[in-house]
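A short worksheet on the structure shown next.
Bear in mind these aren't lab numbers, they're just calculated from the coordinates by the rules spelled out. The structure presented is a predicted model; accordingly, all values stated were derived computationally and were not measured. Because the Cβ atoms are built from the backbone with ideal geometry, glycine has one as well, and the counts that use them run over all protein chains shown.
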Amino acid sequence: MQTLRGEQSRPGTPRPNQARKAETAPAESSTEAVPADPDDAKQGDNWDHVALDPEHRLVVSVVPGKRTVENVEALVQDFKERTEGRP
């Protein structure tokens with residue numbers, strides 16, 4: 001296969017602009033995949049809860065943290081305070 005620059009590349013060889021996929025190994029006693037790299041197990045632990053106004057591209061409130069009911073409630077409360085209860 002020839003690249004845009006005219007260089008030869010082998011099938012299956014990742015190109016520089018392709019994202020690296022996380023490698024996983026099958027779990028022994030569960031249906032979930034276990035990360036092959038121990039550092040990958042920590043990914044996805046935090047979220048950015050964001051309230052925004054898409055019409056004006058305005059970010060009204062952000063609450064970073066775990067995906068919990070408390071953080072969502074904190075986001076809604078902060079949004080209400082900043083907008084004085086207006087939708």
(message) I need every pair where a residue in region 55-79 that is touching a residue at least 12 places away in the same chain (Cβ under 8 Å) and more than 17 Å from G44 (Cα to Cα) has its Cβ under 6 Å from the Cβ of a residue that is of a type in the set (S, T, N, Q) and outside any strand (DSSP E or B), sequence separation at least 6 or different chains.
(response) none
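Give the residue that is surrounded by the most Cβ atoms within 10 Å (Cβ to Cβ), with candidates limited to residues of region 33-82 that are of a type in the set (A, V, I, L, M, F, W, C) and assigned to a helix (DSSP H, G or I).
Filtering first and then ranking leaves L75.
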